[in-house]
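What follows is a short report on a single structure.
The values are calculated or read from the model by the stated rules, or taken from the named source; none is laboratory data. Just so it is clear, the model here is predicted, and its values are computed rather than measured. Please note: Cβ atoms are built from the backbone with ideal geometry, for glycine as well, and neighbour counts cover all protein chains shown. We work out accessible area using only protein heavy atoms, side chains counted, and drop any ligands, DNA or RNA first. Shrake-Rupley method; radii C 1.70, N 1.55, O 1.52, S 1.80 Å.
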Amino acid sequence: MPTTSSLLTNVGFFDFWEVVMVGQLEQLLGQLDALRERALAELAPINTSAALEEWDVQYLGRNRGELKSLSSVMPKLTKEERPVVGQRMNAVKSVLERSLAEKREELKERELLLALESERIDVTLPGRNVPAGKMHPLSQVMLEVSEIFERMGFSIVQGPEVETDYYNFQALNIPADHPARDMQDTFWVVPGQLLLRTQTSPMQIRTMKQQQPPVRILAPGTTYRNEAIDATHEAVFHQIEGLLIDEHCTMADLKGCLERFVHELFGPERRLRFRGSYFPFTEPSAEVDISCGICDGKGCRACKYSGWLEVLGSGMVHPKVLREVGYDPKKYRGFAFGMGVERIAMLKYGIGEIRLFSGNDLRFLRQL
Ligand code: 2U9
């Protein structure tokens, strides 16, 4: 750009102010071109929207943008100069605005691509495991046993765990000197009167006292005995007892019913063996063994080399019990049976430690 002094040498006096003005005009246009170049150079490397907005404010801002600042000289220009500067100013402005719009578009695209890349989902990856809860193995066994007997026409009855001496012992023909009534074996709530039931049989007494035969009920539930705890004994455990009362009911009905039960729960290949036994509430009484599922009755460690596993106690309901609830023992007979749920579960799942069921160790529970 020519300086004022170099131009002065070639012009006369009257031209002086004009030359100065020409110099100013050139300078102004030069400033506009420089602004454009600087703005474009700064725009090129911008790669975030935030930086782009800053650039917009700095060069094109309505209030303090650099272009706006330069336009403040317009009123000082002559009528002839104004359109020249105005045109250049508009040209610079439109170049910058176009470049800004292009950059905006470019950044929008770039940011979209970045977002797509960072939020990319691999739909071929296996889904996350949602851990599903499941029933406790003892509840599973209780439900399965209940369903088998329900299919044979039994109804489920449930009742209090705190019982009276009468329902838990007296009504069941358990005499005062019977070992089961030993004060040491029972958890007494009020000694001699209220106790934690040692079996679920009080429910059968309660039911029979409320309804006339025929009766076909199953009483599953929690029971309590003051026992020394070891791998096969717990103080809090679970029982399922069954009772059927009708005219003409015989031991053969008991055998058929329990055979059906064992075959449904353990499989039809299992053989049953009824061994004479004694319970105060049944006469005659029998314990039921099933052939060992591991050795098929040949003898192994699981069945203590006997080939048999004890699963149930049973018998024909004692006439004294029938009389106690108001049934005529000459007209009605019945059979009853009982099993420990933990023992059934241990046999079914091949578990040698009863305490695992109450241990709440998820590593154990998840397997069943
Ligand atoms: C009434 C009449 C008779 C229920 C019976 C058994 C035999 C029996 C044990 C199995 C393992 C208890 O958990 S265990 O230790 N039960 O052997 N239970 S007959 O007899 C009854 C019940 C109610 C009115």
| field | Cys residues of the chain counted as unpaired, since no other Cys beta-carbon is under 4.7 Å | value | Cys249, Cys257
| note | So, relative contact order of the chain in percent, Cα under 8 Å, 6 or more apart, is 12
| field | Accessible carbon and sulfur surface of the chain relative to its total accessible area, %, 1.4 Å | value | 53
| query | Let a ≥ b ≥ c be the square roots of the eigenvalues of the Cα gyration tensor of the range 230-291; is it rounded (a/c under 1.5), or, if not, prolate (a/b larger than b/c) or oblate? | reply | oblate
| task | Please work out the Cα convex hull volume for the range 191-327 and give it in Å³ per residue. | result | 134
| note | Cα-Cα longer than 26 Å, checked against Lys209/Lys348; Lys134/Lys209; Lys79/Lys103; Lys255/Lys298; Lys255/Lys330; Lys68/Lys103, kept in input order, equals Lys209/Lys348; Lys134/Lys209; Lys79/Lys103
| Value of [θ]222 nm, deg cm²/dmol, for the chain, DSSP H segments ≥ 4, -39500 (n - 2.57) each, nearest 500 | -13000 deg cm²/dmol
| Residues of the chain: accessible area per residue with a 1.4 Å probe, Å² | 59
| note | Using alpha carbon centers only, the range 158-186 is separated from the range 89-126 by a whole-angstrom value of 84
| note | Of the DSSP H helices in the chain, the ones reaching 15 Å or more along their long axis in Cα terms and averaging at least -1.0 in Kyte-Doolittle hydropathy are 16-43, 49-60, 81-118, 137-151, 251-266
| Which value, in debye to the nearest 20, describes the size of the charge dipole of the chain about its Cα centre when Lys and Arg Cβ atoms bear +1, Asp and Glu Cβ atoms bear -1, and nothing else is charged? | 880
| said: Over the Cα atoms of the range 137-365, what radius of gyration and what Dmax do you get, in Å? | reply: 17.4, 54
| note | Percent of all alpha-carbon pairs of the range 42-143 at distances over 22 Å, whole number, is 59
| query | Using 0.36 nm per residue, how much length does the chain from Glu111 to Ser49 gain when fully extended, once their Cα-Cα distance is taken away? | reply | 21.4 nm
| task | Take Glu97, project a point 7 Å from its Cα along the Cβ direction, then tell me which residues of the range 22-40 have their backbone nitrogen under 20 Å from it. | result | 32-40
| task | State the answer as a single residue: which of Gln239, Leu172, Ala41 lies farthest towards the positive end of the charge dipole of the chain, with beta carbon charges of +1 for Lys and Arg and -1 for Asp and Glu, about the Cα centre. | result | Leu172
| message | Amide H of Cys300 versus every other amide H placed in the peptide plane: which residues, excluding those fewer than 5 positions away on the same chain, fall under 5 Å? | response | Tyr305, Ser306, Gly307
| note | GNM on the chain, Cα springs under 10 Å; top mean-square fluctuation among Arg62, Arg128, Arg271 goes to Arg62
| note | Projecting the Cα atoms of Leu100, Trp188, Ile121 onto the charge dipole of the range 90-239, where Lys and Arg contribute +1 and Asp and Glu -1 at Cβ, the residue farthest towards the positive end is Leu100
